[in-house]
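In what follows, a single structure is set out as structure tokens and then discussed.
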4 protein chains.
Amino acid sequence: MYLSLDVESAARLAGAALRHARQLGLRPMACAVLDAAGHPLAVLRDEHASFLRPQIATGKARGCLGMGFGGRELARRAQAMPAFFDAINSLSGGEVIPVAGGVLLRDAEGGLLGAIGVSGDTSDNDERCALLAIAELGLHGDCGDAQA
Amino acid sequence: MYLSLDVESAARLAGAALRHARQLGLRPMACAVLDAAGHPLAVLRDEHASFLRPQIATGKARGCLGMGFGGRELARRAQAMPAFFDAINSLSGGEVIPVAGGVLLRDAEGGLLGAIGVSGDTSDNDERCALLAIAELGLHGDCGDAQA
Amino acid sequence: MYLSLDVESAARLAGAALRHARQLGLRPMACAVLDAAGHPLAVLRDEHASFLRPQIATGKARGCLGMGFGGRELARRAQAMPAFFDAINSLSGGEVIPVAGGVLLRDAEGGLLGAIGVSGDTSDNDERCALLAIAELGLHGDCGDAQA
Amino acid sequence: MYLSLDVESAARLAGAALRHARQLGLRPMACAVLDAAGHPLAVLRDEHASFLRPQIATGKARGCLGMGFGGRELARRAQAMPAFFDAINSLSGGEVIPVAGGVLLRDAEGGLLGAIGVSGDTSDNDERCALLAIAELGLHGDCGDAQA
């Protein structure tokens with residue numbers, strides 16, 4: 001038996017990420033929340049965010065799920081193995097965006113619920129908004145920190 | 001000076017469309033709300049909706065904006081000019097889905113605010129949920145009815 | 001709580017479909033078994049089957065899951081709404097192959113387990129092999145028959 | 001006259017690679033076995049492996065066949081000639097994944113039978129599972145070792 005993410009929780013997560021970005025005075029954001037299989041449940045784009053942001057946010061989240069790691073681990077691997085990540089991006093149509101701001105969503109037992117991706121400001125700030133939204137809903141985020 | 005759709009209104013529209021589908025006992029839905037430029041503000045997918053639904057909902061809305069007509073008018077034209085619509089779909093990567101369920105969003109003066117697309121049940125039921133959501137927010141929908 | 005398909009069952013399904021095709025003297029087949037989210041668990045291609053067969057088998061199964069109907073219902077809809085299916089194929093990169101031979105896999109309670117797609121002979125014979133394999137494993141197949 | 005790989009041997013190879021990964025306590029894997037022409041005979045994905053793994057495994061095997069070298073030799077060349085491999089990936093749609101874990105399959109006389117690709121854990125561990133599966137079936141693997 002395991003929990004799955006529903007659209008209400010996904011919409012609340014995405015809304016919270018955008019709200020935190022505004023409250024922190026960051027650049028306008030887009031946020032994508034995907035289920036564990038990589039399919040979208042909620043994608044929101046601040047009306048002032050540039051138009052590629054929803055795709056980038058989706059690619060951050062989908063890359064985490066497609067490879068099984070948080071965005072920081074993807075970033076480390078892309079730096080160590082650029083040819084591998086170039087190839088993955090060609091085959092997946094750019095679905096793997098290997099930077100911070102993509103975070104795996106887990107329940108209290110570590111079960112995979114899906115992923116959130118945020119794009120709009122620096123990668124660090126994108127991730128910060130993702131984590132604030134995750135904490136607000138009482139979920140656990142896996143960014144791919146080296147010690148995580 | 002003119003009104004534009006913001007992400008909060010877009011998210012409320014999409015949420016309302018999914019809620020109406022549930023209340024009416026229809027099949028699970030996805031709903032996409034795009035700004036007047038065709039870029040997504042809010043995309044929601046019921047967790048029980050099949051996974052192509054968000055893309056289809058987006059394509060219904062985007063086709064309306066890309067061509068300047070509601071979904072019913074696109075459907076009539078696709079039936080009358082199949083080769084034209086085949087070509088459009090090849091050049092746009094399938095972004096023009098010419099069926100009911102794509103509705104242009106207008107303000108009280110007829111100004112274009114964006115579009116909503118709904119997918120999950122029959123085209124007629126998809127459109128019905130779009131119109132219920134539009135009415136709930138006090139906006140005006142342009143389905144491309146022959147007399148509209 | 002719900003059942004999910006594992007790779008062993010998927011491989012047995014695919015292997016059984018190919019074996020039934022041989023025993024019936026049909027043309028060489030490919031068979032794809034996908035999980036409920038549309039991701040492959042097992043794809044097998046008879047060494048004498050032509051090389052597009054695995055992609056076609058995958059597209060039959062993936063179309064059923066992406067749209068939420070068995071292949072026969074997809075075929076009826078594609079005939080009634082050709083422009084809609086042309087558009088869906090453009091946006092999905094040809095993932096929706098609307099013919100018999102794609103079958104949703106369900107458990108005894110009707111829960112969705114995934115889908116199987118078979119390609120190699122006529123659509124009717126493809127579906128026949130899918131159904132023989134499904135019966136052999138004690139699962140339930142949903143072909144999209146009008147009365148199903 | 002020469003030997004060719006059949007689907008039964010391919011399915012046994014792929015199944016053996018996944019089993020070795022489990023027995024060694026490695027991360028969940030996908031494995032692709034292609035014939036000498038680069039077309040799939042068997043693709044298996046552990047139900048717990050992330051969803052890009054089948055494509056990556058296929059790309060590792062297909063890259064070996066497309067270029068005529070094992071994955072380790074491809075990795076060396078990609079490091080020495082990054083622009084060349086970027087171009088190859090653009091033209092092939094990401095089919096050449098130049099890392100360890102892609103292994104050419106040869107018969108006792110060195111004749112080319114096909115290739116196997118494994119993805120899920122580190123490249124070294126992926127290759128290890130490929131080689132264990134190859135040994136189990138009494139075939140010969142060509143990883144592209146410098147001295148091979």
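Computed quantities for the displayed model
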| quantity | calculated |
| --- | --- |
| Qualifying residue in segment D:91-102 (condition: within 30 Å of C:G93 (Cα to Cα) and in a helix (DSSP H, G or I)) | yes |
| Selection count where residues are in a strand (DSSP E or B) and away from chain C (no Cβ under 14 Å), scope segment A:27-85 | 8 |
| Matching residues in segment C:101-114 - criterion: being crowded, with 21+ Cβ neighbours inside 10 Å and farther than 18 Å from C:D6 by Cβ | C:G101, C:G102, C:V103 |
| Qualifying residues in segment D:118-138 (those that are in contact (Cβ under 8 Å) with a residue 60 or more places away in the chain, charged (D, E, K, R) and touching a strand residue (DSSP E or B) at 6+ places or on another chain (Cβ under 9 Å)) - the one farthest from D:Q55 (Cα to Cα) | D:R128 |
| Test: residue in segment A:118-139 that is hydrophobic (A, V, I, L, M, F, W, C) and part of a loop (DSSP other than H, G, I, E, B) | yes |
| In segment B:86-96, residue farthest from the other protein chains (Cβ to nearest Cβ) [restricted to those that are surrounded by 16 or more Cβ atoms within 10 Å (Cβ to Cβ) and aliphatic (A, V, I, L, M)] | B:I88 |
| Scope segment A:1-26; condition in contact (Cβ under 8 Å) with a residue 60 or more places away in the chain, closer than 30 Å to D:H48 by Cβ, among the hydrophobic types (A, V, I, L, M, F, W, C) and not in a loop (DSSP other than H, G, I, E, B); matching residues | A:A10, A:L13, A:A14, A:A16, A:A17 |
| Selection within segment B:27-40 - buried (at least 24 other Cβ atoms within 10 Å of the Cβ) and in contact with a Pro (Cβ under 9 Å, 6 or more places away or on another chain) | B:A30, B:C31, B:A32, B:V33, B:L34, B:P40 |
| Residue within segment C:73-92 that is of a type in the set (A, V, I, L, M), in contact (Cβ under 8 Å) with a residue 40 or more places away in the chain and in contact with an Asp or Glu (Cβ under 6 Å, 6 or more places away or on another chain) present | no |
| Filtered residues of segment B:3-26 (kept if surrounded by fewer than 17 Cβ atoms within 10 Å (Cβ to Cβ) and either of a type in the set (V, I, T) or within 9 Å of chain A (Cβ to nearest Cβ) (or both)) | B:S4, B:D6, B:E8 |
| Residues being within 12 Å of the chain's Cα centre (by Cα) and more than 10 Å from chain A (Cβ to nearest Cβ) - total across segment D:102-123 | 9 |
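Quick grid of which residues meet (1) touching a Cys at 6+ places or on another chain (Cβ under 9 Å); (2) closer than 18 Å to B:C31 by Cβ:
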{"residue": "B:L65", "(1), (2)": "no, yes"}
{"residue": "B:F69", "(1), (2)": "no, no"}
{"residue": "B:A87", "(1), (2)": "no, no"}
{"residue": "B:I97", "(1), (2)": "no, yes"}
{"residue": "B:E127", "(1), (2)": "yes, yes"}
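Let's see how each residue does on (1) surrounded by 20 or more Cβ atoms within 10 Å (Cβ to Cβ); (2) among the polar types (S, T, N, Q); (3) at pLDDT below 95:
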| position | (1), (2), (3) |
| --- | --- |
| A:A49 | yes, no, no |
| A:A61 | yes, no, no |
| A:V99 | yes, no, yes |
| A:I116 | yes, no, no |
| A:R128 | yes, no, no |
| A:A135 | no, no, no |
| A:H140 | no, no, no |
| A:Q147 | no, yes, yes |
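The values are calculated or read from the model by the stated rules, or taken from the named source; none is laboratory data. A quick note: this is a predicted structure, and the numbers were derived from the prediction, not measured. With ideal geometry, Cβ positions are generated from the backbone for all residues, glycine too; neighbour counts draw on all protein chains shown.
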